[in-house]
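Participant: I'd like to ask some things about the structure below.
The values are calculated or read from the model by the stated rules, or taken from the named source; none is laboratory data. None of these values were measured; they are calculated from a predicted model. Cβ coordinates were reconstructed from backbone atoms using ideal geometry, including for glycine residues, and neighbour counts include every protein chain displayed.
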Amino acid sequence: MNRRRARARAPKAWAGRFAAPPAPAAEAFTASLPFDRRLYPHDVAGSVAHVRALVRARLLTRREGARLERGLARVRRELDAGRFRFLPSDEDIHMAIERRLTELVGPVGGKLHTGRSRNDQVALDLRLWLRAEGHALDAALARVQRALAALARHHRDALLPGYTHLQRAQPILLAHHLLAYHEMLARDRTRFRDCRARADELPLGAGALAGAGFPLDRRFVARQLGFARVTANSVDAVADRDAAVEFLAAAAISAVHLSRLAEELVLWATEEFGFVELPDAFATGSSMMPQKKNPDVAELVRGKTGRVTGALVALLTTLKGLPLAYNRDLQEDKPPLFDAADTLRQSLDVMARMLPHLRFDTARMAAAADGLLLATDLADLLVERGVPFRRAHEIVGGLVRHCLAAGTSLRELDAAVLRKHSPHLTPELVRRLTPARSVARRRVIGGTAPREVARQLARVAREDAP
């Protein structure tokens, strides 16, 4: 029993300086193991590379290095299988792994930390995690892109009222609208790639802040772990959390993009819009009102965005007052970072699964894309007849005012009313106003014309190909 207690209260790695152990409240308050244990694959990988660097520097014999690597492999298997026994005295994942390794391999386990501090160790683990998570989010973003592109191809000819200020503005193609979100997510993927490129530096070897006191080959370790380069300044290497901030900024922007898409689905699913019906599998009902079909999944994608943007603000607030180099405050980088990544990945996953099952009411959308939304097209037709655009805008504005007062549409105006506003206006001219012709006019690169949207779809198909 006493032996079990002793093992459960393993001495701290830094205990030599202190005459008394930490108070239980302080130990519990400073522990990071509840959240940083997810870094274990990266911590083990970093330790293996460090062992090889120690062997290379002749600070370990080859036999010692091989024994440590075998021990680390066993620790990794225990963690993977959920058999690893954490102790209350394990401050963090680094000390838990080192403690278990020493149990397995004996005193040589105490040599693992030669030339290394937890300051550069955690900086390494974090960069390895960011690299892996960035790849995972890129794949999740790509799945949503493919779902959007498939919807766009299926509805490539469907008309939709485009909106500004949430007021009907001009006819566009539904495919064009969906591809706008595809473009947003493409930028998100680029931002995550940029984050990975800037974070592609090995911090290990920086030590606590001044650099390792042993001749460790940092470039060798960088090659072992797949980093492009090593950090240039040891103080910056342990103090820097820019990679985490940039990751959270990219995640926050991506979450906002998803939120905008979710918001439109919520709006379009209302009876007031009636443009889309959400699949039953991604909606819920009311415990009181039998008729309700609520867009809870889309609403939660929108609602969870606050967690991701809040994580960015939380980390920036943590960093803003820190002197160089390492401070324990930096322990607080991980909870918001992990939560934001998990939240964004879940939102992307559920959106990718929901999008293919949306049912659009294309007839209702086409009807909503008609009427006064063609006013800009009429002004353009006047410009083609030599009327300056500002004058054409004024003429058509007067016609719109007349239509609103009379409760009619532009195509229904008679010759007398048209001549009153401009001699260039004729019933034949206004009868040429249709949503289909309107979108066909928008042939500029990136416009909503069917030919241009087809070109966009072809490009997207090439970009989305695995």
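Participant: In this structure, is Leu404 of a type outside the set (Phe, Trp, Tyr) and buried (at least 17 other Cβ atoms within 10 Å of the Cβ)? Full working, then the answer.
Facilitator: On the way: of a type outside the set (Phe, Trp, Tyr): yes; buried (at least 17 other Cβ atoms within 10 Å of the Cβ): no.
So Leu404 does not fit the description; no.
Participant: Go through Asp80, Asp36, Asp43 for me and flag whichever is of a type outside the set (Gly, Ala, Ser), at pLDDT 95 or above and over 21 Å from Leu104 (Cα atoms). If you could, list the steps in order and put the result at the bottom.
Facilitator: Details: Asp80 fails: over 21 Å from Leu104 (Cα atoms); Asp43 fails: over 21 Å from Leu104 (Cα atoms).
On inspection, the qualifying residue turns out to be Asp36.
For (1) assigned by TED's automatic domain parsing to the domain that holds Leu174; (2) farther than 30 Å from Ala186 by Cα; (3) touching a helix residue (DSSP H, G or I) at 6+ places or on another chain (Cβ under 7 Å), each residue gets a yes or a no:
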| residue | (1), (2), (3) |
| --- | --- |
| Leu101 | no, yes, yes |
| Ala123 | yes, no, yes |
| Ala132 | yes, no, no |
| His135 | yes, no, no |
| Gln145 | yes, no, yes |
| Leu151 | yes, no, yes |
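Participant: Right, here's the next one. Of everything in the stretch 430-466 that's assigned to a helix (DSSP H, G or I) and touching an Asp or Glu at 6+ places or on another chain (Cβ under 6 Å), which residue is nearest to Asp380 (Cα to Cα)?
Facilitator: Of the residues in the stretch 430-466, the ones assigned to a helix (DSSP H, G or I) are 430-431, 435-441, 450-464.
Now restrict to residues that are touching an Asp or Glu at 6+ places or on another chain (Cβ under 6 Å): 435, 438.
Details: Pro435: 14, Ser438: 10 Å.
Per the criteria, the residue is Ser438.
Participant: Continuing with this model, one more query. For the stretch 190-205, which residues satisfy the criterion of being of a type in the set (Lys, Arg) and within 12 Å of the chain's Cα centre (by Cα)? First the steps, then the outcome.
Facilitator: The initial filter retains those residues of the stretch 190-205 that are of a type in the set (Lys, Arg), namely 191, 193, 196, 198.
Residues satisfying the conditions are Arg191, Arg193.
Participant: A follow-up question, please. In the stretch 218-242, what residues are closer than 13 Å to Leu315 by Cα and crowded, with 22+ Cβ neighbours inside 10 Å? Reasoning before the result, please.
Facilitator: Step one: of the stretch 218-242, the residues closer than 13 Å to Leu315 by Cα are 240-242.
Selection gives Asp240 alone.
Participant: Continuing with the same structure: Output yes when any residue across the stretch 411-429 is surrounded by 13 or more Cβ atoms within 10 Å (Cβ to Cβ), part of a helix (DSSP H, G or I) and either in contact (Cβ under 8 Å) with a residue 40 or more places away in the chain or of a type in the set (Phe, Trp, Tyr) (or both), and no when none is.
Facilitator: yes
Participant: Checking Trp14 against (1) among the aromatic types (Phe, Trp, Tyr); (2) modelled with pLDDT under 85; (3) touching a helix residue (DSSP H, G or I) at 6+ places or on another chain (Cβ under 9 Å), which test does it fail?
Facilitator: So the condition that Trp14 fails would be (3).
Participant: Do you know which of the residues in the stretch 277-293 that are among the hydrophobic types (A, V, I, L, M, F, W, C) and surrounded by fewer than 21 Cβ atoms within 10 Å (Cβ to Cβ) is nearest to Ala132 (Cα to Cα)?
Facilitator: Within the stretch 277-293, the first condition is being among the hydrophobic types (A, V, I, L, M, F, W, C), and the residues that meet it are 278, 281-283, 288-289.
Filter again for surrounded by fewer than 21 Cβ atoms within 10 Å (Cβ to Cβ), leaving 281-283, 288-289.
Working: Ala281: 31, Phe282: 29, Ala283: 32, Met288: 45, Met289: 45 Å.
Among those that are among the hydrophobic types (A, V, I, L, M, F, W, C) and surrounded by fewer than 21 Cβ atoms within 10 Å (Cβ to Cβ), it is Phe282.
Participant: Another question, if that's okay. Looking only at the stretch 243-263, which residues are crowded, with 18+ Cβ neighbours inside 10 Å and either of a type outside the set (A, V, I, L, M) or at pLDDT below 95 (or both)?
Facilitator: Hits for the stretch 243-263 are Glu246, Phe247, Ser254, His257, Ser259.
Participant: Report the residue count in the stretch 279-334 for those that are closer than 19 Å to Arg359 by Cβ and in contact with a strand residue (DSSP E or B) (Cβ under 7 Å, 6 or more places away or on another chain).
Facilitator: Here the count works out to 5.
Participant: While we're here: Taking Thr317, is it among the polar types (S, T, N, Q) and closer than 30 Å to Ser438 by Cα?
Facilitator: Working: among the polar types (S, T, N, Q): yes; closer than 30 Å to Ser438 by Cα: no.
For Thr317, the condition - among the polar types (S, T, N, Q) and closer than 30 Å to Ser438 by Cα - is not met.
Participant: State whether the residues of the stretch 194-201 include one that is under 30 Å from Phe220 (Cβ atoms), touching a strand residue (DSSP E or B) at 6+ places or on another chain (Cβ under 8 Å), touching a residue at least 40 places away in the same chain (Cβ under 8 Å) and not in a helix (DSSP H, G or I). Break it down stepwise before answering.
Facilitator: Of the residues in the stretch 194-201, the ones under 30 Å from Phe220 (Cβ atoms) are 194-201.
Among the residues that remain, those that are also touching a strand residue (DSSP E or B) at 6+ places or on another chain (Cβ under 8 Å) are: 200-201.
Keeping just the survivors that are touching a residue at least 40 places away in the same chain (Cβ under 8 Å) gives 200-201.
Filter once more, keeping what is not in a helix (DSSP H, G or I): 200-201.
Yes: the stretch 194-201 contains one or more residues that are under 30 Å from Phe220 (Cβ atoms), touching a strand residue (DSSP E or B) at 6+ places or on another chain (Cβ under 8 Å), touching a residue at least 40 places away in the same chain (Cβ under 8 Å) and not in a helix (DSSP H, G or I).
Participant: Another one. Would a scan of the stretch 139-162 turn up a residue that is farther than 30 Å from Tyr326 by Cβ, among the polar types (S, T, N, Q) and modelled with pLDDT of 95 or more? Step through it out loud before you land on a result.
Facilitator: If we filter the stretch 139-162 for residues that are farther than 30 Å from Tyr326 by Cβ, which is where we start, we get 139-162.
Those still in the list that are among the polar types (S, T, N, Q) too: 145.
Filter once more, so that each one left must be modelled with pLDDT of 95 or more: 145.
Among the residues of the stretch 139-162, at least one is farther than 30 Å from Tyr326 by Cβ, among the polar types (S, T, N, Q) and modelled with pLDDT of 95 or more, which makes the answer yes.
Participant: Mind checking which pairs have a first residue in the stretch 98-110 that is in contact (Cβ under 8 Å) with a residue 24 or more places away in the chain and a second that is surrounded by fewer than 21 Cβ atoms within 10 Å (Cβ to Cβ) and aromatic (Phe, Trp, Tyr), Cβ under 7 Å, 6 or more apart or different chains?
Facilitator: From residues that are in contact (Cβ under 8 Å) with a residue 24 or more places away in the chain, the pairs are Arg100/Phe84.
Participant: Check the stretch 373-393 and report whether any residue there is under 31 Å from the mean Cα position of the chain (by Cα) and of a type in the set (Ser, Thr, Tyr).
Facilitator: From the stretch 373-393, those under 31 Å from the mean Cα position of the chain (by Cα) are none; that's our starting set.
Scanning the stretch 373-393 turns up no residue that is under 31 Å from the mean Cα position of the chain (by Cα) and of a type in the set (Ser, Thr, Tyr).
Participant: Which of the residues spanning the stretch 219-252 are assigned to a helix (DSSP H, G or I) and basic (Lys, Arg)?
Facilitator: If we filter the stretch 219-252 for residues that are assigned to a helix (DSSP H, G or I), which is where we start, we get 219-225, 234-239, 242-252.
Arg219, Arg223 - these are the residues of the stretch 219-252 that are assigned to a helix (DSSP H, G or I) and basic (Lys, Arg).
Participant: In addition: Are any residues in the stretch 37-85 surrounded by 15 or more Cβ atoms within 10 Å (Cβ to Cβ) and not in a helix (DSSP H, G or I), and if so, which ones?
Facilitator: Passing the criteria: Ala57, Leu59, Leu60, Phe84.
Participant: Determine which single condition Leu399 fails, assuming it passes every other condition in (1) out of contact with any Ser or Thr (no Cβ under 9 Å at 6 or more places or on another chain); (2) surrounded by 16 or more Cβ atoms within 10 Å (Cβ to Cβ); (3) in a helix (DSSP H, G or I).
Facilitator: Of everything listed in (1) out of contact with any Ser or Thr (no Cβ under 9 Å at 6 or more places or on another chain); (2) surrounded by 16 or more Cβ atoms within 10 Å (Cβ to Cβ); (3) in a helix (DSSP H, G or I), Leu399 misses just condition (1).
Participant: Take Glu69 and tell me if it is free of Cβ contacts under 8 Å to residues at least 24 places away in the same chain, among the acidic types (Asp, Glu) and touching a Phe, Trp or Tyr at 6+ places or on another chain (Cβ under 8 Å).
Facilitator: On the way: free of Cβ contacts under 8 Å to residues at least 24 places away in the same chain: yes; among the acidic types (Asp, Glu): yes; touching a Phe, Trp or Tyr at 6+ places or on another chain (Cβ under 8 Å): no.
The answer is no for Glu69.
To keep it simple, each residue is scored yes or no on (1) in contact (Cβ under 8 Å) with a residue 24 or more places away in the chain; (2) surrounded by 13 or more Cβ atoms within 10 Å (Cβ to Cβ); (3) more than 28 Å from Ala269 (Cβ to Cβ).
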position	(1), (2), (3)
Leu358	yes, yes, no
Asp361	yes, yes, no
Ala368	yes, yes, no
Leu373	yes, yes, no
Asp377	yes, yes, yes
Leu381	yes, yes, yes
Glu384	no, no, yes
Arg390	no, no, yes
Glu394	no, yes, yes
